[in-house]
Amino acid sequence: MKKILIIVALLMFLKPTLPVLDYAINYNYISKVLCKNKDKPKMHCNGKCHLMKELAKASEQEKPIFPNKKTSMQEQEVLFFHKLKSLIVEQIYFQNTTSSGDNYTNLYFYMNSCSTFHPPTLA
């Protein structure tokens, strides 16, 4: 999964260079067929005009939808405020109890033992 993620990230990073790679791979075809200036050999264009057109097309795709801040949608935060009434804290007094549940202490049993429990073995 990590390898696929790395490959996708590299493709997104190298996307602007794809027209240059295409020009380098298909140099003969572009310079002989797609070049606008193939009739003028003194210009030494060799398909660079086609490359510039492809690079311009790729850069147009990279531009954001909203080029300036005036037409862009800005996120606005809405805050609702409701004033609360003041909270009055009153002291509450409890009765002091001397015994805290004798029934509970009678149900509790603890045996202090140093031996380790071993389950019975089946023979």
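The values are calculated or read from the model by the stated rules, or taken from the named source; none is laboratory data. Remember, it's a predicted structure, so these values are computed and weren't measured experimentally. Here Cβ is always computed from backbone atoms with ideal geometry, including for glycine, and neighbour counts include all displayed protein chains. Keep in mind that these areas ignore ligands, DNA and RNA; they rest on the heavy atoms of the full protein, side chains included. Shrake-Rupley method; radii C 1.70, N 1.55, O 1.52, S 1.80 Å.
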#### Entry: Odd one out for PHE81 among (1) out of contact with any Leu (no Cβ under 9 Å at 6 or more places or on another chain); (2) at pLDDT 80 or above; (3) not in a loop (DSSP other than H, G, I, E, B)
(3)
### Query
Between residues in segment 44-63 that are open to solvent by 50 Å² or more (accessible area, probe 1.4 Å) and residues that are polar (S, T, N, Q), which pairs lie under 6 Å by C-beta distance while being six or more apart or on different chains?
ASN46/SER31
### Query
What pairs can you find where one residue is in segment 29-40 and under 16 Å from MET52 (Cβ atoms), the other is at pLDDT 80 or above and among the hydrophobic types (A, V, I, L, M, F, W, C), and their Cβ atoms are less than 7 Å apart, with a gap of 6+ or different chains?
CYS35/CYS45; CYS35/CYS49; LYS36/CYS49; ASN37/MET43; ASN37/CYS45; ASN37/CYS49
